[in-house]
1. Enumerate the calculated ³J(HN,Hα) couplings along the range 192-205 in order (Karplus 6.51 cos²θ - 1.76 cosθ + 1.60, θ = phi - 60°), each rounded to whole Hz, writing x wherever the residue is Gly or Pro.
2. Run the numbers on the range 1-149 and let me know its relative contact order in percent, using alpha-carbon pairs under 8 Å that are six or more apart.
3. Which angle between 0 and 90 degrees, to the nearest 10, do you get for helix 137-151 versus the longest principal axis of the chain when only C-alpha atoms count?
4. By how many degrees, 0 to 90 and rounded to 10, does the Cα axis of helix 116-127 deviate from the longest principal axis of the chain?
5. For every helix of n ≥ 4 consecutive DSSP H residues, a contribution of -39,500 (n - 2.57) applies; sum these over the chain, divide by its total residues, and give [θ] at 222 nm rounded to the nearest 500 deg cm²/dmol.
6. With charges set only on the Cβ (+1 for Lys and Arg, -1 for Asp and Glu), what does the dipole of the range 2-209 come to about its Cα centre, in debye to the nearest 20?
7. Find which of PRO108, ALA122, VAL68 sits farthest along the positive direction of the dipole of the range 1-142, computed with +1 on the beta-carbon of Lys and Arg, -1 on that of Asp and Glu, about the Cα centre.
8. Once the piece of chain linking THR91 and ALA11 is laid out straight, how much longer is it, given 0.36 nm per residue of separation minus the C-alpha distance between them?
Amino acid sequence: MKNFYLKYKHAIPLLLYGIFYMSWFIYLERTITKNYRVIHVSLDDYIPFCELFVIPYFIWFLYASFVVLLFFFKNKEDYARVCVFYFTGMTIFLIISALFPNGHHLRPTVMPRDNIFTHLTAYLYSTDTSTNLWPSIHVYNSLGAHFAIAKNPYLSNKKWVVRSSLVICTSIILSTMLIKQHSVFDVVTAFILAAVMYGVVYKYDIVTAYKERALARKKTAPQAN
């Protein structure tokens, strides 16, 4: 049991944050149902509804989770980086949603077609409210997942992996607007936040900097006799 704990103890922050995030998010979804700021930009009116993109929208759940699990088992430092990236942006999203309740009126009142994809979209609408939108976590975490893959020394050399990730990431980002889950505003703000966090996590490399400072403190700490 001790060996198991030592091997997988880095799962604890992920589990704790998952409970924290879902508890707060569910609370926001239940309480923010009216009296919110309506998000809308003129470009939203020119984007057509395309139900086919509900598929990449759902793929996001696998894509964002797969990257975390991949590095959980394969590379603890990249696992820490993607967690810092995800957790920071998701927490900022929760704070914004709490302080500035927001929503949109972009969803079609009647589905323009009757097929499996519109049924899936209708199901999505029934389980996910049109509130708490910006920055879009679908967009933000998709960018974070792709950054993690593209910056990993091993995966970055496998061009087909990076290109496949980029295609998935791009299709998910487009899906948020094409199935009317998000405004262009939500997408743009997610890109801005992701760009800032890319600098913090990958350019400045906060994870390595933290490890180096911790190691330096350990070396300079007085040794017990």
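Each value in this text was obtained by applying a stated rule to the coordinates, not by laboratory testing. Given the structure is predicted, the values throughout are model-derived calculations rather than measurements. So basically every Cβ, Gly included, is an ideal-geometry build from the backbone, and we count neighbours across all protein chains shown.
1. 4, 5, 5, 5, 5, 6, 4, x, 5, 7, 10, 7, 6, 6
2. 39
3. Tilt of helix 137-151: around 40 degrees.
4. Once rounded, one gets 70 degrees.
5. Numbers: 9 runs with 150 residues, N = 225.
Per the formula, -22500 deg cm²/dmol.
6. 720
7. My answer, from the dipole projection, is VAL68.
8. Details: separation 80, 0.36 × 80 = 28.80 nm, distance 1.84 nm.
In short, 27.0 nm is gained.
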